[in-house]
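J.: Mind having a look at this structure? Questions to follow.
The values are calculated or read from the model by the stated rules, or taken from the named source; none is laboratory data. Bear in mind that the values here come from a model prediction, so they are computed numbers and not experimental data. Note that each Cβ is placed from the backbone with ideal geometry, even for glycine, and that neighbours are counted across all protein chains shown. Calculation scope for accessible area: heavy atoms of the full protein, side chains included, ligands and nucleic acids excluded. Shrake-Rupley method; radii C 1.70, N 1.55, O 1.52, S 1.80 Å.
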Amino acid sequence: MMAIDRDRESGWMREPEAEENGSVLPASSTAIPPSSEDMSAAPASSPAHPGSRYNPLLLDFDGSVLPFLGGLGNFNKRLVLLTWIPALFLSFSQFSDFFLLDIPDKWCKTNGTMVMMNTAHDSHLPLGNATTRAPEVMLLLPPTQLPTTPSPILGTLPPNNNDSCLCHQWNYQIHAGLVQNVVSKWDLVCDSSWKVHIAKFSLVVGLIFGYLITGCIADWIGRRLVLLFSVVFNLIFGLSVALSVNVTMFSTLRFFEGFCLAGIFLCLYALRIELCPPGHRFMITMVASFIGMAGQFLLPGLAALCRDWQILQAVIICPFILMLSYWYIFPESLRWQMATMQFETSKKQILQILHRNRVNTESDIKGVMPELERELLSRPKKVCIVKVVGTRNLWKNILVLCVNSLTGYGIHHCFAKSLMDPEVNMNTSIMHNFYANYFAMAGITLASCLAMCPVVGFLGRRGGLLLFMILTALASLLQLGLLNLIGKYTQRPDTGMSETVKNKFSIVFSIIGMFSSHAVGSLSVFFCSEITPTVIRGGGLGLVLASAGFGMLTAPIMELHNQKGYFLHHVIFACCTLICIICILLLPESKNQNLPENIPDGEHYTRQPLLPHKKGEQPLLLTNSELKDYSGLHDSVAMGDGVSENTTVNGIKSA
């Protein structure tokens, strides 16, 4: 009895068994007995459910509330469209570093003559703005750039001046379609070149803090309010970036711009997920990704029209002014309001949706409105992401996805650097062109997103993530091991191996690795949005997105240290891919499943076995009663039966 009381106080109560292991139990069948604390806090005017903490019908949003509102009706379709449009603006800001921080060729004026000091093309170095990661539309991370080591001097300096950086006046030739950018405006070359990497570093750090903080705030005050505040401050800081007077001011304002961009992206992502029925979530998310990629393809033309970096920055930020109208036309997430038991405001919004979708209230077969009337005086119950620490299953799922996103975006830098390696591409002149690099990265991203659609549709979320992670691991291990083996054979003339064969293999493995690691990162974010309960979805998304930011933070850090430790960086992330392959098997499958609304729902969102048992087949060491509770997570009382405290996580009783 003491163990039972402890379980009730902690809020964990056993629910009726699902028909299929791994599915989310519908709210209509998951009524949880109230605790004594909740009974004292509940209003006395709720005759139907006196003191109930969770109303099963109202919290079954996908099964009861959304069908009553008309499903993905005209009103919800318009709201989804409003979440798609800003993806174009976000893409412009995301890839602006390609153009604002491009490392140009430079010339020094000496005795009235122009002497070329640094030319990336002639020295067979990749362009400084060639990204080292797959352009990710679903995740706002800035494009990292490759090192900009000065090439040998191509001209002749006056006597007694052998240092290529001893110059008082530079002339620049920018490859990115601009006449002037940040590097050329403040001469961020030679001894000041490290400031370019700090500018990239500040935007990534701003995004990391933005994801963590705005995600938690969105769970507390709502998605709509955080979205609008992020838009307002993004306009302020984004336009201030265009008015920067020095690189310090530029880097500082970029930090705050990244913070606000993170809030906009996260809130739109969460709203998009919470508007959709189960069968449309992935499709609607991928459409937003393709719209973002359209912005990536359009940005070079926009830069060519603007010509100056300040004009380009202003043009990129100004379209966000249109999002100020969302205060009037975009409502708060109804799913979040229902999950946090804000039933009074939910009722007003439900009536508006019924009117706009032209749904007759008489079609309320399950009695959603009468139940809502009974719960109008319920106290709102908001939850912070720190509550995950006390769970047994949910925190593991989020942790696995954090490690996956960290690995996916971290190892992508390794593949991109190998693809743009000057030794590999010495005989490939096309890879030394800025636009060739830019559109090659965009093409790999597009191919990855196109491949994700049928793979995820056929294999599901967990199967698709597992497949792409295996491809990433194979590409990484082959590039680290096989290429070294081929390199040894190229030193023997009798083998017939040449350096060209090694370089071709390196390019192939790099492309495969970039292709698959981009999919791993994208699916990790999407997977997290589906298995994280609505009450903490913002915080869960923030954790996974911030983990991806930490992975990408290694790129500018290594550039700042002149690529020291690059090989070890690749080896560490290659080992992480092997760990991730094992951890992915612990995740549940969320395809066509209802979104969990509260922490108990997310806690009972357990995994399915990869090979389901045949009818009549019984695994060894498991009794019939234990088979009903395969996950081993329900350790409290249900239906008057008790479960021993020595039950392990796998449902097998310990000695």
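J.: Considering only the other residues whose Cβ falls under 14 Å of the Cβ of Tyr326, what net charge follows from Lys and Arg at +1 and Asp and Glu at -1?
T.: +3
J.: May I ask you to rank Lys502, Lys387 by accessible area, largest first, using a 1.4 Å probe over the protein chains only?
T.: Lys387, Lys502
J.: Place a +1 charge on the Cβ of each Lys and Arg in segment 303-374 and a -1 charge on the Cβ of each Asp and Glu, then give the dipole magnitude about the Cα centre in debye, rounded to the nearest 20.
T.: 120
J.: A further question on this structure: Could you please report the charge total around Ser230, scoring K, R as +1 and D, E as -1 over all other residues with beta-carbon less than 13 angstrom from its beta-carbon?
T.: Neighbour charge sum, excluding Ser230 itself: +1.
J.: Still on this model: Work out the FRET efficiency for Ile85 and Met369 from their Cβ-Cβ distance, taking R0 = 30 Å, and round it to the nearest 0.05. Mind showing how you got there, number by number?
T.: Numbers: r = 33 Å, r/R0 = 1.09.
For R0 = 30 Å, the calculated efficiency reads 0.35.
J.: Quick one: how many Å² of Phe256 are accessible to a 1.4 Å probe, rounded to 10?
T.: Solvent-accessible area, nearest 10 Å²: 80 Å².
J.: From the phi of every residue in segment 587-592, what ³J(HN,Hα) in whole Hz does the Karplus formula 6.51 cos²θ - 1.76 cosθ + 1.60 yield, where θ is phi - 60° and glycine or proline is x?
T.: Running phi through 6.51 cos²θ - 1.76 cosθ + 1.60 with θ = phi - 60° gives 7, x, 9, 9, 5, 6 Hz.
J.: Turning to a different aspect of this structure: Would you mind computing, in nm to one decimal, how far apart the modelled labels at Cys575 and His168 are, each placed 7 Å from Cα along Cα→Cβ?
T.: 5.4
J.: Here's a follow-up. Go ahead and run the numbers for FRET between Ala314 and Lys396, Cβ-Cβ distance against an R0 of 45 Å, rounding to 0.05.
T.: The computed FRET efficiency comes out at 0.50.
J.: Once Lys and Arg get +1 and Asp and Glu get -1 on their Cβ, which of Pro300, Met323, Gly390 lies farthest toward the positive end of the dipole of segment 287-398?
T.: Going by the Cα projections, it comes out as Gly390.
J.: In the neighborhood of Ser202, defined by Cβ-to-Cβ distances under 12 Å, what is the net charge if each Lys or Arg adds +1 and each Asp or Glu adds -1?
T.: Around Ser202, the surrounding residues sum to +1.
J.: Grab the Cα-Cα distance for Val501 and Met249, subtract it from 0.36 nm times how many residues apart they are, and report the gain in nm with one decimal.
T.: 86.0 nm is the gain from fully extending Val501 to Met249.
J.: Roughly how far apart, in whole Å, are the Cα centres of segment 285-359 and segment 532-558?
T.: Each part's Cα centre sits 21 Å from the other's.
J.: Mind checking which of Ala199, Trp220, Ser184 is farthest towards the positive end of segment 183-233's charge dipole, using Cβ charges of +1 (Lys, Arg) and -1 (Asp, Glu) about the Cα centre?
T.: Selected residue: Trp220.
J.: What order, most packed first, do the peptides 288-301, 73-86, 398-411 have when packing is the mean number of other Cβ atoms within 10 Å of each residue? Could the numbers behind the result be given before it?
T.: Numbers: 288-301: 19.1, 73-86: 16.8, 398-411: 26.5.
Highest mean packing first, the order is 398-411, 288-301, 73-86.
J.: On to the next question. If I ignore ligands, DNA and RNA and count only protein heavy atoms, how much of Phe95 is accessible to a 1.4 Å probe, in Å² to the nearest 10?
T.: Answer for Phe95: close to 0 Å² accessible.
J.: For the pair Trp194/Cys453, report the inter-label distance in nm, with labels modelled 7 Å from Cα in the Cβ direction.
T.: About 4.7 nm separates the two model spin labels.
J.: Over the Cα atoms of segment 374-421, compute the convex hull volume and normalise it per residue, giving Å³.
T.: Details: hull volume 6.4 nm³, N = 48.
Expressed per residue, the convex hull around the Cα atoms of segment 374-421 is 132 Å³.
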